[in-house]
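Asker: One structure, pasted below without further comment.
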Amino acid sequence: MALPLLRRATLLAFLALPLPTSAATHQLGDYAHTAWNGERGAPADVVQFTQTPDGWLWVSSPNGLFRFDGVDFQRMDSVQGHRLPSTSPLALLATRDGRLWVGDRFGGVSMFDDGRMRLFTAADGLPAGTVLTMTEGPDGSVWVATATGLGHLAPGATRFRRVGRAEGLPEASTRQVLFGRDGRQWVSVAGGVYLRERGGVRYRRAWPYIDLMALAEAPDGTIWGSDGIDKHYRVLADAPPGNSAPHAELGGNGALFDRAGNMWILKVNALELRKPPYVGSAAGALQLSKANGMSGPLPQTAFEDREGNLWVGTSAGLDRLRRTRLHSVPAATPFDRPSVLGDGDGVVIGDRRQALRRYTIAGAQETLGQLELTCSYRAPDGTLWFADRKARWRRGASGTLTELPHPPGLGDHDTQAMTVDGHGRMWISLPGAGVFRIDGDRWRKGGDVAGLPDGWAMSLATDDAGRVWAGYLRNRIALIEAGRARVFGTAQGLQLGHVQVLLPDGPRVWAGGQNGLAWFDGRRWHDVTPAGERPLRGISGLVRTRTGELWLHGADGISRVAAADVERLLREPARPLPYERFDALDGLVGSAEQLRPLPSLTQSADGRLWFATASEVASLDPARIARNPLAPPVQLLTVRAGDAGYPAQGEVRLPVGSRNLRIAYTAPSLAMPERVRFRYRLEGFDERWQEAGTRREAVYTNLGPGSYRFRVIAANEDGVWNQDGATLALVVPPRFVETGWFTASMVLLAGLLLGSLYVLRVRRLTARLQDLMQERLAERERIARGLHDTFLQSVQGLVMLFDQQARSLPPGSEQRTRIEQTLDLADELMTEGRDCIADLRAPGEPEELGQALAQYGTVLLQQRFTARIHGQPRAVTPRVRDEVQTIAREALINAARHARASHVELVLDYRADGLTLLVRDDGCGMPTALSSEGRPGHYGIAGMGERARALGAQYTLLSAPGKGTSVHLTIPAEQAYAGQRSAALFQRLRQRRRPEARRA
């Protein structure tokens, strides 16, 4: 509802007239009011509002088009990627199908629909001139009121149709179109209001026959029209009998009826609230003006959003009015540390300045007396007790107050707390004096109770068993029972600090204090840990409702604990306690009293809760808390990588090398944007949802290359989650050094480097082995020369000497026989020596194993030896070469010495799967026992088997008497051939991968 341009000249003229005075000067106490005068980018001179289904509030002003998500205003020079034809929007409309319509101050209408834009001008049938207002019809048609007439765009049509003389409507400046609940169409044009019956074609003039500008329909169907100056009239389809002169029943130049049926009237200098019947004193008119916080004068438009918030545009900014959940008790002057005590369907409120009165939600109903109240208490029998510094006051069923003065010496102490025990005796706490039990007229300090602390009791309470509980400063609680006091402190689990309130609750007791909440299970106290990051502090009011809810009033506001959560806490004391917080956003002014009067929370018989702060008393019906059922729509705004920004639409492909990312998002919820909570998750990076709280930006650093999916969801102030949220695909391209090609090339390069290093290493080791071999051969030749030139020649000389001595002895003598036997042994020793020397003097062995063995056998066995080599000779590992040579030589030496063979054969076969050696002869053979173990004291045969097993080779020695001997040796390729081990390793890896691939 807005007619800013047409009213502007009239309003300016009206400002020069004397303004009527009004007693309705109260601020709107049940509404939370927020004004924007340029803050957060807000525009000035706001002329119209609308709200699209995605939750955005759209605002037009001479400064441009703006949108608002509840936190920040954004100037919109482009909408859905299309630039506005003009920066002077005026009329706004959001149709039910989600389209946004923007009417220009200089003519033309822009329509935006899912990324598309259509501009309607006079060429499309739209009446020329300023677009003043736009209205959607019940059938989805669009009606546009311009400075030169009325245009109609039927559903599905592509051109406007001018509505005018043919239908009985003047073709003049048209201000507004209104569709009533009864189906009638009302049109305000220059000179009067016209109506068209439901289903009709022609228009006729409505009464009164005067120029009316703004129209509004009340819940009862009454049409109200404003003259644009300061008068509101009832608009009728037909003139009353006698065509009497019209009578203005209300002031103002425009009006809006909200969903609750309240009437909001735009006045020159104020916004006025009226309740049904809207006229007379029963309307309870209340006003908001610039003097008490409105953004500016000249309120010129009003709008109710989908959550029930009221928006008002003024010449200086805009205002939001939101119905609070807490209802403030209306009072002519602020309270001064009020005390609250539930009484019937209301509450008794008293303080140090005002009279003691009984209030209901409607306000003060009864004055009870005059006293400087510091404490109040309701006894189990319904008696109301009040106290000040000098006396107690008792109010019985008759309603009269009876004064009971304090004893001499105690008349100068404020009363802190009172309670009545199971025997009907009152206990009272006086700061600085102590705790007293009153027996008739006698006050007994400490109640003659043994062990009762001598200190300041801030709270007193009586449980169902009639026992008295006292809460003290410095973390102490005393239970008074049977003349004795049981004192609880830190050792019994108490961590409250100053104990400010006690609430017996059946078999348990709740306690609130400086550090939070605790409860007693009959044996010990349990400290309550609140869930979340917000603490529970300074609790001075506790109430357990009939439905099992636990309500707390403390320094940080009001807390509600659901009944199910209370029961869960009693079963699991260590479990964090979830709760709902009510504070200034809900209409609470100030915080709970921390000293006196206590408690700061009470409940009346109708279940309503009453909360006292330093200067206010607020109430709440826990059974009828206003809730917001609308989940906030979630939208992604922008993606920033480095200094570059990108629209958060579709798939966002970031520049190569992007690592740091900022994603801005929002959820347009206009009631309590301060309590909108978010969760987000970057799939492919986050393992779980991130709790963002109220933060509206996600920040990521050190992102690796890849494809990601960002999701964000949101909940409103009542925890209603939009689980669908918003989703965005992100692609972070890799740098070249992060690509698969680069990785593969690095792996290949590393393999080549390792291979090169391996080849170099093998060559170096081979050269080293050859050097060692040459040194070994030189040393063998030196040893051979030494043996031949010294040892063997000396032995030969000895043999010749003994031979001469043997010949000098008689033939057949025993001495000659023994010497000849010794000479035979010496001959054998000489033969073996020569064999060793021949072995040592053998020329340098060829590198190829077969040639080396053939050369050795030829030197040892001469014509009796043949050697055959099969396959392509290959390089064998140094260890295998040494061991095979040793085994083969041992077999050849045995054949030469013991076999008496006429022929010895050596076969060496280089096969692909391994190396095979065969040494066989046609000699005398040996018994089976010798073929496995050898002769006692000789280890040649056993050594061959040991060397073969050490190589991992297959070894066989076959022999039998008269059938010769064969030695067979087989070594696997991966052990025998140089370089075969790595190849075998890769082959095994491939064999392992193939079954895995088949399983996948």
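Asker: Using a 10 Å cut-off on Cβ atoms, rank the peptides 704-710, 112-118, 592-598 from the highest mean neighbour count down.
Answerer: 592-598, 704-710, 112-118
Asker: While we're here: Classify the stretch 339-620 as rounded, prolate or oblate from the Cα gyration tensor: take a ≥ b ≥ c as the square roots of its eigenvalues, call it rounded if a/c is under 1.5, otherwise prolate when a/b beats b/c and oblate if not.
Answerer: It comes out oblate by the Cα gyration axes.
Asker: Over the stretch 47-163, consider all pairs of different Cα atoms and compute the Kirkwood hydrodynamic radius from their mean reciprocal separation; express it in Å, one decimal.
Answerer: Kirkwood hydrodynamic radius for the stretch 47-163: 14.1 Å.
Asker: Using only Cα atoms, tell me the angle between helix 740-786 and the longest principal axis of the chain; keep it within 0 to 90° and round to the nearest 10.
Answerer: Orientation of helix 740-786: about 20 degrees from the principal axis.
Asker: Let me ask something else. Quick check on the chain: what are the equivalent-ellipsoid semi-axes from the Cα gyration tensor, as sqrt(5λ), descending, whole Å?
Answerer: Value: 107, 51, 20 Å, ordered largest first.
Asker: With n ≥ 4 as the cut-off for DSSP H runs, can you work out [θ] at 222 nm for the chain, using -39500 (n - 2.57) per run divided by the number of residues, rounded to the nearest 500?
Answerer: Computed mean residue ellipticity for the chain: -6000 deg cm²/dmol.
Asker: What is the gain in length, in nm to one decimal, between ARG75 and GLN851 on full extension, counting 0.36 nm per residue of separation less the C-alpha to C-alpha distance?
Answerer: 269.8 nm
Asker: Could I ask something else about it? Identify the residues of the stretch 182-196 with backbone N under 12 Å of a label point that sits 7 angstrom from the Cα of ALA237 along the Cα-to-Cβ direction, or state none.
Answerer: Residues passing the 12 Å test: 182-186, 195-196.
Asker: Tell me, in nm to one decimal, what length is gained between VAL279 and ASP882 on full extension, where the rule is 0.36 nm per residue of separation less the Cα-Cα distance?
Answerer: Difference between extended and current length: 205.0 nm.
Asker: Using 7 Å Cα-to-Cβ label points, what is the GLN770/ARG198 separation (nm, one decimal)?
Answerer: Inter-label distance under the simple model: 11.3 nm.
Asker: Using Cα-Cα distances under 8 Å and only pairs 6 or more residues apart, what relative contact order does the stretch 458-536 have, in percent?
Answerer: 23 percent.
Asker: Number of Lys-Lys pairs in the chain under 20 Å by Cα, sequence gap 8 or more or different chains?
Answerer: Pairs that pass both the separation and distance tests number 5.
Asker: Let me ask something else. Can you tell me the order of 346-358, 240-252 when each peptide is scored by its average per-residue count of other Cβ atoms within 10 angstrom, highest first?
Answerer: My ranking of the peptides, most packed first, is 346-358, 240-252.
Asker: How much FRET efficiency would the formula 1/(1 + (r/R0)^6) give for ARG523 and THR333, where r is the Cβ-Cβ distance and R0 is 51 Å, rounded to 0.05?
Answerer: Plugging the Cβ-Cβ distance into 1/(1 + (r/R0)^6) gives 0.55.
Asker: Still on this structure: Write down the Å³ per residue value for the convex hull defined by the alpha carbon atoms of the stretch 474-513.
Answerer: Dividing the Cα hull volume of the stretch 474-513 by its residue count gives 77 Å³.
Asker: Now for a different question. Considering amide H positions built from the backbone, and no H for Pro or chain starts, which residues 5 or more places from ASP343, or on another chain, come under 5 Å of its amide H?
Answerer: So ASP343 has HN proximity to VAL348, ALA605.
Asker: To continue, here is another question. If packing is taken as the average count of other Cβ atoms within 10 Å, what order do 384-393, 163-172 fall into, highest mean first?
Answerer: 384-393, 163-172
Asker: Specify the angular offset, from 0 to 90 degrees and rounded to the nearest 10, of the alpha carbon long axis of helix 4-15 from the longest principal axis of the alpha carbons in the chain.
Answerer: Taking the Cα atoms of the chain, the angle to 4-15 is about 50 degrees.
Asker: Continuing with the same structure: Relative contact order of the stretch 121-218, please, whole-number percent, based on alpha carbon pairs below 8 angstrom and at least 6 residues apart.
Answerer: 19
Asker: Here's something else I'd like to know. Figure the gain on full extension for GLU403 and ARG159 (residue separation times 0.36 nm, minus the Cα-Cα span) and round it to one decimal in nm.
Answerer: Length difference between fully extended and current span is 79.5 nm.
Asker: Turning to a different aspect of this structure: With angles folded into 0 to 90 degrees, how steeply does helix 940-951 sit against the dominant principal axis of the chain? Use alpha carbons for both and round to 10.
Answerer: The angle comes out at about 20 degrees.
Read the figures in this text as sums done on the coordinates, not as results from a lab. As the structure is a prediction and not an experimental result, all values here were calculated from the model. In this analysis, Cβ positions are derived from the backbone assuming ideal geometry, glycine residues included, and neighbour counts consider all displayed protein chains.
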